[in-house]
Amino acid sequence: MEAAALTKEILLVEDNKVMLLMMSQMLSSRGYKVVTAKHGIDALSQLKSHPDIQLVLSDWMMPELTGIELCYQLKSPEYDRYIFFVLLSGRDDKESIVEGINAGANDFVAKDTNINELDARLKAGFRTLELHNQLVAKNIELDRAYATIKQDLESASDLIQRMLPNQTSFKGVEINYTHIPSAQIGGDMLGCMQLDEEHIAVYLFDVAGHGVASALMSFSIQQSISSNSGTASNVKRKKDTDPFYSLIEPNEVISHLNQSYISQDQNNLYFTMVYAVLNTKSGLLSYAFAGHPPIIWLKKSEHCSEFIEQDSFVAGMFDFAEYKTEQIKLKPGDRVFLYSDGITEAEDQQKNQYSEVRLKQLVLEQSDKPRDQQTDSIVQAVSTWAGITQFDDDISLLALEWQGE
């Protein structure tokens, strides 16, 4: 949308008929279209009848409504359009100029000013109006664009929320999670899926940065992982003999994602990740990391918590990166916690970070919480510690409890 071209139309307000006629003719000779009013009340009426007029040249001393009073009304926030107001007066003293400018007048011209000077000032006023109208038009365009972007982001946010796990209860396994993006859409994602009758996969990854680019990459990674059947699967490998598939080891899953996003990413984005597969009969948990914070293992029978971690490269950055699969054996009632660094890097008012050590201790302290409340309770405790209601980074926390065969 472009600003409409300005016509050289002026409202001349003057109570002296002779002066009104003389100035009207003088301005008309310079190419201006002149509409006249005999006082301030008449000027308001004329402006209502001529919605395109944006420049007013008004006398100071008039009956009904003075030039100063008219200026105050036209410059009030309630008035329906922007007016460039030039105050015309027989007085040319500094006090009068200051009073006029304080009333909101854009310029001050003495009545005996030479027509060439008056013409130059009016042209300057129209240039100012042109710039103002162009700015207003661009702001309208920006508002429309922002509204469109906001609507698109809301749709994207809804889509990402629908990608979070719906099923959290499996045979012998209960999963609970909390996911809070720091912006409308974030780069964190978590998930769980049943690979077969005896295996459940859980994962959590964190794409660097925030905003649309990170969210799009997060969406793509999620789609790559959640496709667990057919030839395109990243978590199962087809076989020619019964059961006609084998599960791909966690390190191979991450390695494949690493290679895929090195070649696809044009924005130098990378991500950290943990991917784990639980044998629901034996409690054997196989896992691999890609530069991700350690898993917290809450051991119910021993009433303690410990870190499960690996030294590893982030994914999507180095083509030489190698990843490894390791295992732990859970006991019935044990829980494992996967989380993003938005939790452990949350800061209090003194810029102290919450830290992984504090989180491990908090998991232990809240071990008696019902499992369907524990992740929300942990996130709320960190928020209270930091003294914040909104985290600076995306927050993701997933808890898996193995209940035994």
Of the numbered conditions (1) of a type outside the set (A, V, I, L, M); (2) free of Cβ contacts under 8 Å to residues at least 40 places away in the same chain; (3) open to solvent by 30 Å² or more (accessible area, probe 1.4 Å), PHE318 satisfies every one except a single condition; which is it? (2)
In segment 96-141, which residues are among the charged types (D, E, K, R), within 21 Å of TRP60 (Cβ to Cβ) and at pLDDT 85 or above? ASP107, GLU117, ASP119, ARG121
Can you confirm whether segment 3-14 contains a residue that is of a type outside the set (Ser, Thr, Tyr) and without any contact (Cβ under 8 Å) to a residue 24 or more places away in the chain? yes
Just to confirm my filter: which strands (runs of 3 or more DSSP E) fall fully inside segment 189-248 and include at least 1 residues that are surrounded by fewer than 18 Cβ atoms within 10 Å (Cβ to Cβ) and at pLDDT below 85? 236-238, 245-247
Inside segment 339-367, the number of residues satisfying the requirement of being closer than 20 Å to THR389 by Cβ, more than 23 Å from the chain's Cα centre (by Cα) and of a type outside the set (D, E, K, R) is 7
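Could you list, in sequence order, all residues of segment 377-389 that are at negative phi and not in a helix (DSSP H, G or I)?
In the first step, residues of segment 377-389 are kept if they are at negative phi; the result is 377-386, 388-389.
Passing the criteria: ILE388, THR389.
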Filter segment 119-148 for residues that are aliphatic (A, V, I, L, M) and touching a residue at least 60 places away in the same chain (Cβ under 8 Å); which is surrounded by the most Cβ atoms within 10 Å (Cβ to Cβ)? LEU122
Somewhere in segment 356-376, is a residue among the hydroxyl-bearing types (Ser, Thr, Tyr), touching a residue at least 60 places away in the same chain (Cβ under 8 Å), under 17 Å from GLU302 (Cα atoms) and part of a loop (DSSP other than H, G, I, E, B)? yes
Verdict on LEU55 being out of contact with any strand residue (DSSP E or B) (no Cβ under 8 Å at 6 or more places or on another chain) and under 15 Å from PHE85 (Cα atoms): no
Residues that are at pLDDT 90 or above and open to solvent by 40 Å² or more (accessible area, probe 1.4 Å): does segment 85-95 have at least one? no
Output for segment 249-281, where each listed residue is over 19 Å from ALA213 (Cβ atoms), surrounded by fewer than 18 Cβ atoms within 10 Å (Cβ to Cβ) and in contact with an Asp or Glu (Cβ under 8 Å, 6 or more places away or on another chain): GLN259, LYS281
Which count do you get for residues in segment 383-400 that are open to solvent by less than 30 Å² (accessible area, probe 1.4 Å) and either more than 22 Å from HIS303 (Cα to Cα) or touching a helix residue (DSSP H, G or I) at 6+ places or on another chain (Cβ under 6 Å) (or both)? 8
Quick check on my filter: what residues within segment 150-188 are of a type outside the set (S, T, N, Q), at pLDDT 90 or above and in a strand (DSSP E or B)? PHE170, VAL173, GLU174, ILE175, TYR177, HIS179
Pull up segment 343-382, narrow it to residues that are among the small types (Gly, Ala, Ser) and over 24 Å from GLU174 (Cβ atoms), then point me to the one that is most open to solvent (accessible area, probe 1.4 Å). SER355
Is one or more of the residues making up segment 327-341 more than 24 Å from ALA201 (Cα to Cα) and open to solvent by 30 Å² or more (accessible area, probe 1.4 Å)? no
Exactly one of ILE308, ILE296 is open to solvent by less than 40 Å² (accessible area, probe 1.4 Å), at pLDDT 95 or above, within 30 Å of SER260 (Cβ to Cβ) and out of contact with any helix residue (DSSP H, G or I) (no Cβ under 9 Å at 6 or more places or on another chain), and that residue is ILE308
Test set (1) within 23 Å of LYS369 (Cα to Cα); (2) open to solvent by 10 Å² or more (accessible area, probe 1.4 Å); (3) part of a strand (DSSP E or B) - GLU302 fails condition number: (3)
Surrounded by fewer than 19 Cβ atoms within 10 Å (Cβ to Cβ), among the aliphatic types (A, V, I, L, M) and at pLDDT 95 or above: does that describe LEU284? yes
Taking the conditions exactly as written (in contact with an Asp or Glu (Cβ under 6 Å, 6 or more places away or on another chain), of a type in the set (A, V, I, L, M) and free of Cβ contacts under 8 Å to residues at least 40 places away in the same chain), does ILE41 satisfy them or not? yes
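The values are calculated or read from the model by the stated rules, or taken from the named source; none is laboratory data. What you see is a predicted model, and the numbers here were worked out from it, not measured in a lab. Glycine also receives a Cβ, built like all others from the backbone with ideal geometry; neighbour counts cover every protein chain displayed. SASA here: full protein model, heavy atoms, side chains in, ligands and nucleic acids out. Shrake-Rupley method; radii C 1.70, N 1.55, O 1.52, S 1.80 Å.
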